[in-house]
Every structure is written in C-alpha cells, then in structure tokens.
1. Collect the residues in the stretch 255-298 that are modelled with pLDDT of 90 or more, closer than 18 Å to residue 77 by Cα and either outside any strand (DSSP E or B) or within 16 Å of the chain's Cα centre (by Cα) (or both), keeping them in residue-number order.
2. For residue 82, work out the one condition from (1) exposed (fewer than 14 other Cβ atoms within 10 Å of the Cβ); (2) assigned to a strand (DSSP E or B); (3) at pLDDT below 90 it doesn't fulfil.
3. Looking only at residues that are assigned to a loop (DSSP other than H, G, I, E, B) and under 21 Å from the mean Cα position of the chain (by Cα) in the stretch 168-179, which one is surrounded by the fewest Cβ atoms within 10 Å (Cβ to Cβ)?
4. Has the stretch 180-203 got at least one residue that is in a loop (DSSP other than H, G, I, E, B), modelled with pLDDT of 95 or more and assigned by TED's automatic domain parsing to the domain that holds residue 96?
5. In the set 119, 92, which member is within 27 Å of residue 71 (Cα to Cα), touching a helix residue (DSSP H, G or I) at 6+ places or on another chain (Cβ under 6 Å) and surrounded by fewer than 18 Cβ atoms within 10 Å (Cβ to Cβ)?
6. If a residue has to be part of a strand (DSSP E or B) and either closer than 18 Å to residue 107 by Cα or under 16 Å from the mean Cα position of the chain (by Cα) (or both) to count, how many in the stretch 219-254 make the cut?
7. So for the stretch 143-157 (the condition being under 14 Å from the mean Cα position of the chain (by Cα), in contact (Cβ under 8 Å) with a residue 12 or more places away in the chain, farther than 30 Å from residue 77 by Cβ and part of a loop (DSSP other than H, G, I, E, B)), does at least one residue qualify?
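The values are calculated or read from the model by the stated rules, or taken from the named source; none is laboratory data. Keep in mind that what you see is a predicted model, and the values were worked out from it rather than measured. Ideal geometry is used to build each Cβ from the backbone, glycine not excepted, and the neighbour counts take in all protein chains shown.
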C-alpha cells in the first residue's frame, strides 16, 4: 500500500482532494483544517497600540491569515529579433511568460489569503506582506507566501462584499479611514526583461564611462512597464490612488552557452485606495511611493 493511500484511508491529508479544491478555486485542505481548529482570540498578532487604533475606527482583530502558491516557470532566451544580424541578436526583449508567472503566483497567494479572511467573517486584512522566492535553476518554481492580520467590524454585523487587502499596518489603516479613504486591494505590476550579452559590451564613447547603457535602458523599460500594469490594475479596482508604492528591481545573470546574458525582474506593488461612495474609477490614478522601511514586501 502506497504512502498517499495510507494517509487517505487513515483519515489524514488527501493530496488529490486538496489539489482538486485548489483547482476549483478553494483553499487547500490544510488551510481549511487550520482555520477550523483555530482557538478563540487572535494569537500573537497586534500590540496594544494597534488594537487601540483599530478600535478607534470600529474594527477588531480577527486572526492572522496566510496565503501560499507555488508555480512552475522557466527562463529561456527569447527568439532573436530578425532585424538584428548575428551575433548581436538584438539588445533586449520582455520575457512575457515570466512576467505573467511573477504576477500570477502573487495573485494566487493573495487570493487565498483573502479567502481565509472571508471564511473567518472578516472585513479585510491589514499589514499584508508577500514574499516570493524561487529556485535558482532556469526551469524552477516560484514560491509566494502572503500573510496579514484579518480584521472584523466591532459591531459584529455581517460583512458585505469581498475582504479588502491593505499593506499598511493597523495604525495607518485607521488614519486612512479617518481621512475618508478605504483600501480597495493590493495593486500589482510585474515585468521581466532579457538582455543579451552582446548588448552589454562597454562603449568607450558612452556619456558615463563604464556604464552599460543597454542594461540601464532595459531597467527603465521594465520599470515603466511594471508601473503601467500596476496603474491599470488600480484603475480596475476603482482606485483614486496607490499608497505605499514600492518598486523592487532584481538583475540576475543567465548563463547561455559561452556567454552570460542578464534577466531583469521588476515588481511594483502598493495599496489601492478610494474615497467612500465613489464606485467609478477616476480619470487618473495617483501613485504615492513609500519612503524608507515598511510597505509591501515584494
């Protein structure tokens, strides 16, 4: 008898059933079991100051919630641009499949975090942080883990709609509500660019000696693309702006036969906010960048 069969017959974890639940958009069995077995109270979550800030605007802590997703992906050089002759291959190109994977794994983790909050009867989740790691090989996996504190109305009444997600801590959430604003969700934008090694050759005539103009240009292109996608996401949420916006940029080498290319990953994330009673998206979405520590972990 196989190991997985023994676990099923013994009433334990059933990997097949858990997979089917996730394919149907539900939480894995382990997450449902954890929520069902959760003791009263909210555990070692917020401090007294955070609880007081939440109470000031009519909320109480519910429980810490989490969301996780693992996604397979592969980094491979894009097809050469036919307008460029060998050996240059063209300076750079977006890895669209990698960009989508970076966005998808975060979205899945955040959706599952929100579903845990919904099952607890929470109005939303504050202090959301999301961390993404990946295996070092080109054909590997992205692992996203999101966590935050679910909050519920102090009145104990029913919660309409889906839980909101906010990267800000409880005190900042309270100040936001006092200003007539409400978090609508986390806005995301991702972009991954591939830069061919031939484009990285140092140009002695460059304006900045030693600068790799192609790599600098690719960073600009990827960042602009990620911010444009975040802007579109925020508009889709009906936001007036995005607070605590952070842009994370990573450059990694990619060994391709006898030379080293580079891949640039850009992730932009922040809390989309809107004014009370304004369901329609405005003509322009304001972006407010975070300064210093804090904000969304990307």
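1. 265, 266
2. Unmet condition: (2).
3. 169
4. Within the stretch 180-203, none of the residues are in a loop (DSSP other than H, G, I, E, B), modelled with pLDDT of 95 or more and assigned by TED's automatic domain parsing to the domain that holds residue 96.
5. The unique qualifying residue is 119.
6. Filtering the stretch 219-254 for residues part of a strand (DSSP E or B) gives 241-254.
If we keep only those that are either closer than 18 Å to residue 107 by Cα or under 16 Å from the mean Cα position of the chain (by Cα) (or both) as well, we get 242-250.
Residues that pass the stated criteria total 9.
7. Checked the stretch 143-157: no residue is under 14 Å from the mean Cα position of the chain (by Cα), in contact (Cβ under 8 Å) with a residue 12 or more places away in the chain, farther than 30 Å from residue 77 by Cβ and part of a loop (DSSP other than H, G, I, E, B).
Listed here are the residues, each with its yes/no results for (1) outside the structural domain of residue 264 (by TED's automatic domain parsing); (2) closer than 15 Å to residue 70 by Cβ; (3) in contact with a helix residue (DSSP H, G or I) (Cβ under 7 Å, 6 or more places away or on another chain); (4) surrounded by fewer than 18 Cβ atoms within 10 Å (Cβ to Cβ).
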{"site": "124", "(1), (2), (3), (4)": "no, no, yes, no"}
{"site": "135", "(1), (2), (3), (4)": "no, yes, no, yes"}
{"site": "140", "(1), (2), (3), (4)": "no, yes, no, yes"}
{"site": "144", "(1), (2), (3), (4)": "no, yes, yes, no"}
{"site": "153", "(1), (2), (3), (4)": "no, no, no, yes"}
{"site": "156", "(1), (2), (3), (4)": "no, no, no, yes"}
{"site": "165", "(1), (2), (3), (4)": "no, no, yes, no"}
